[in-house]
Amino acid sequence: MSEDVRPSGTYQTLAEQREVLTPAEERFERIRQTTGLVLGPVAFLIMYFLPLPLPREQHTLAAVLTFAIVYWLSEAIPIPVTAVLALALCVLFNVPGVGPNAEDAPGDIVFAGFADPVIFLFIGAFVLAQAMITHGLDRRFAFLVLSLPGVGRSTYGVIIAFGVIAASISAFISNTTTAAMLLPIGLGMMGALGGMVSDQSDTDRDVSRLRFGTALMLMISYGAGVGGLLTPIGSPPNLIGIAFIEEATDVRITFFSWVVTAFPICLLMFIALCTILILLNRPEVRRITGAEEYIAEERSKLGSFSTGERNTLIAFAVAVSLWILPGLSAVIFGDESLVYSVLYSRLDEGTVAIIGAALLFLLPINWSERRFTMNWNDAAKIDWGTIILFGCGIALGILLADTGLAETLGTGIADTLGFTSLLAVSAVSAIIAILISETTSNTASATIVVPIVIPIASAAGLDPLVPALAAVFGASFGFMMPVSTPQNAVVYGSGMIPITKMVRSGIVFDVLGLILIVLLIPVMAGLTLA
């Protein structure tokens, strides 16, 4: 089993982040959170009593959302707690507009979003990811890639290999967990190779300040961010976007169709990422000796596959196979065939995820002792905060649609800004999502932006699919600051990334990513999701 290197939590308080923040950053965070703590209730009261030309349900929901956005942006309290509190306020102030004699109470309507099948996709995927971590399958995969011929001899090869590993793993487990798992491997690599790089470059620079180390640490974080876009389960904003898109349009986005759409975009993003990081943080030397020996030594310590690893691989393979089967059947038999119709209706992503996760509790490690691949205590370590936030996001999105507030906002913004082109709406959607994700979680960014973007596009007479996808992809960007994403905070804690280099690299990648999103998503969505 591998050492558990997960961070203490995705949604950390200021006290939990002190070790990775500079004094200036800590002062900024303290001011931001304290200001938000006070400003949230004040903003709610101002919005609630402001004489706006809105129906009471829309007016109240706008006040609740104002409060939630202030608390999300300031992280005055943990983000999932804010989300749940927002739903509680929706019940207390009767946002659904339920009468006293109605069959359903306000709470029955508000919390109905938690019954969405995508919630179970989240749970199942998280359990599968936890099994990979528990039994060390992720670490074995990492060293397998690093041991490929030629990788270990070059600083460029090591950096790009870590990017491939981070992107590949984060396509199926959380970006934060990917970064946390790869960080100690990266630090081990620097411990073994940093001295060699320093000696061979004839520099007296401290190993912790080598450009090679900066590029390597940033690649772990940014590579995980890019890889998280590859599959629906790779990052929470993907599932949030899918849920809102399917709710608002007739488009059904399967696991297979998402991967086909995202792969070319992610590939070009990854190529751009490698280019940016190596150009802006060019390693002191190109060729090094000793890396291959270190990787071989670490890989030999892993030994042969354990029963837990084999069982996890079986469950994971079953889940992925069932996820892509409906889309594959459409390619082979046609989307009008009976085979596709049956598979499409029965093998939804949530059901498949639960089947894969359940296999982990059925495949034994030691039958005589009744020990199975996963037990509930291990499974309970998954990121329940993100699941809660996701469920609240769906619930708030439904309320936005049902009360008509989303349509009102969309029409108002479209009329004010005069959007007439798909490119303009998509660009603004992605920009807003990126800017919000710089200050709060990518999940909160998607939850805020996507439900509003869809009616904006509709009000402008445009297909909302592309702008919504642009917002989803944009929400997973935000690479400038340690607080922008949890994986940024994880690698910043290595001490190898000067804040100026993170900001510089992050800005360039944000801008280039925005360009790729705006140009490529309309093309790929038109080819694969139309």
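Which of the following residues is out of contact with any helix residue (DSSP H, G or I) (no Cβ under 8 Å at 6 or more places or on another chain) and either surrounded by 23 or more Cβ atoms within 10 Å (Cβ to Cβ) or at pLDDT below 85 (or both): Leu435, Leu399, Leu405?
Details: Leu399 fails: out of contact with any helix residue (DSSP H, G or I) (no Cβ under 8 Å at 6 or more places or on another chain); Leu405 fails: out of contact with any helix residue (DSSP H, G or I) (no Cβ under 8 Å at 6 or more places or on another chain).
Of the residues listed, the single one that is out of contact with any helix residue (DSSP H, G or I) (no Cβ under 8 Å at 6 or more places or on another chain) and either surrounded by 23 or more Cβ atoms within 10 Å (Cβ to Cβ) or at pLDDT below 85 (or both) is Leu435.
Do we find that Phe120 is in a helix (DSSP H, G or I) and within 30 Å of Leu193 (Cβ to Cβ) in this structure? It would help to see each step written out before you state the result.
Numbers: in a helix (DSSP H, G or I): yes; within 30 Å of Leu193 (Cβ to Cβ): no.
It is false that Phe120 is in a helix (DSSP H, G or I) and within 30 Å of Leu193 (Cβ to Cβ).
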## Note on the structure
Reported set for segment 134-158 where residues are touching a helix residue (DSSP H, G or I) at 6+ places or on another chain (Cβ under 7 Å), part of a helix (DSSP H, G or I), surrounded by fewer than 24 Cβ atoms within 10 Å (Cβ to Cβ) and among the aliphatic types (A, V, I, L, M) is Leu137, Val145
### Message
Looking at (1) surrounded by fewer than 14 Cβ atoms within 10 Å (Cβ to Cβ); (2) without any contact (Cβ under 8 Å) to a residue 40 or more places away in the chain; (3) of a type in the set (Ser, Thr, Tyr); (4) over 30 Å from Val511 (Cβ atoms), which one does Ser329 not meet, given that it meets all the others?
### Response
(1)
### Task
Search segment 440-470 for residues being part of a loop (DSSP other than H, G, I, E, B) and not aliphatic (A, V, I, L, M), and hand back the single one that is modelled with the highest pLDDT.
Pro464
### Message
Checking Ala102 against (1) assigned to a loop (DSSP other than H, G, I, E, B); (2) crowded, with 17+ Cβ neighbours inside 10 Å; (3) of a type in the set (Gly, Ala, Ser), only one condition comes out false. Which one?
### Response
(2)
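Might you check whether a residue that is β-branched (Val, Ile, Thr), at negative phi, surrounded by 19 or more Cβ atoms within 10 Å (Cβ to Cβ) and without any contact (Cβ under 8 Å) to a residue 40 or more places away in the chain occurs anywhere in segment 41-48?
no
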### Query
Pairs, please: C-beta under 9 Å, at least 6 apart or cross-chain, first residue closer than 20 Å to Pro486 by Cα and surrounded by fewer than 18 Cβ atoms within 10 Å (Cβ to Cβ) and in segment 377-396, second at pLDDT below 75 and not aliphatic (A, V, I, L, M)?
Lys381/Asp4; Lys381/Arg6
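Residues that are within 30 Å of Leu39 (Cα to Cα) and either at pLDDT 80 or above or touching a strand residue (DSSP E or B) at 6+ places or on another chain (Cβ under 6 Å) (or both): does segment 149-163 have at least one? Even if it seems obvious, please write down each step before you answer.
Here is the first cut: in segment 149-163, the ones within 30 Å of Leu39 (Cα to Cα) are none.
No; the residues of segment 149-163 include none that is within 30 Å of Leu39 (Cα to Cα) and either at pLDDT 80 or above or touching a strand residue (DSSP E or B) at 6+ places or on another chain (Cβ under 6 Å) (or both).
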### Query
Would you call Leu182 modelled with pLDDT of 80 or more, under 30 Å from Ser235 (Cα atoms) and in contact with an Asp or Glu (Cβ under 6 Å, 6 or more places away or on another chain)?
no
### Query
Which number in (1) surrounded by 17 or more Cβ atoms within 10 Å (Cβ to Cβ); (2) in a helix (DSSP H, G or I) marks the one condition that Val285 misses?
(2)
#### Entry: Residue list for segment 288-316, restricted to those being in contact (Cβ under 8 Å) with a residue 24 or more places away in the chain, part of a helix (DSSP H, G or I) and closer than 18 Å to Gln130 by Cβ
Thr307, Gly308, Glu309, Asn311, Thr312, Leu313, Ile314, Ala315, Phe316
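So that you can scan it fast, the table gives a plain yes or no per residue for (1) at pLDDT below 85; (2) buried (at least 24 other Cβ atoms within 10 Å of the Cβ); (3) more than 22 Å from Ala112 (Cβ to Cβ):
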position: Leu210; (1), (2), (3): yes, yes, yes
position: Met217; (1), (2), (3): no, yes, yes
position: Ile220; (1), (2), (3): no, yes, yes
position: Ala224; (1), (2), (3): no, yes, yes
position: Gly227; (1), (2), (3): no, yes, yes
position: Pro236; (1), (2), (3): yes, yes, no
position: Ile242; (1), (2), (3): no, yes, no
position: Ile245; (1), (2), (3): no, no, no
position: Thr249; (1), (2), (3): yes, no, no
### Task
Being aliphatic (A, V, I, L, M) and over 26 Å from Trp258 (Cβ atoms) is the filter; apply it to segment 491-530 and report the residue that is surrounded by the most Cβ atoms within 10 Å (Cβ to Cβ).
Val491
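So which residues in segment 288-319 are β-branched (Val, Ile, Thr) and surrounded by fewer than 17 Cβ atoms within 10 Å (Cβ to Cβ), if there are any at all? Walk me through it before giving the result.
Within segment 288-319, the subset β-branched (Val, Ile, Thr) is 288-289, 295, 307, 312, 314, 318.
Hits for segment 288-319 are Thr289, Thr307, Ile314, Val318.
May I ask you to verify whether Ile365 is surrounded by 15 or more Cβ atoms within 10 Å (Cβ to Cβ), part of a helix (DSSP H, G or I), in contact with a helix residue (DSSP H, G or I) (Cβ under 8 Å, 6 or more places away or on another chain) and among the hydrophobic types (A, V, I, L, M, F, W, C)? Talk me through it step by step, then tell me what you get.
Working: surrounded by 15 or more Cβ atoms within 10 Å (Cβ to Cβ): yes; part of a helix (DSSP H, G or I): no; in contact with a helix residue (DSSP H, G or I) (Cβ under 8 Å, 6 or more places away or on another chain): yes; among the hydrophobic types (A, V, I, L, M, F, W, C): yes.
So Ile365 does not fit the description; no.
Out of all the residues in segment 145-172, which are hydroxyl-bearing (Ser, Thr, Tyr) and within 13 Å of Ala224 (Cα to Cα)?
Looking only at segment 145-172, we keep the residues that are hydroxyl-bearing (Ser, Thr, Tyr), and these are 147, 154-156, 168, 170.
Passing the criteria: Ser168, Ser170.
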### Query
Can you tell me how many residues in segment 471-530 are of a type in the set (S, T, N, Q), closer than 22 Å to Ile448 by Cα and part of a helix (DSSP H, G or I)?
2
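The values are calculated or read from the model by the stated rules, or taken from the named source; none is laboratory data. Quick caveat, the model's predicted, so the values are computed rather than measured. Ideal geometry is used to build each Cβ from the backbone, glycine not excepted, and the neighbour counts take in all protein chains shown.
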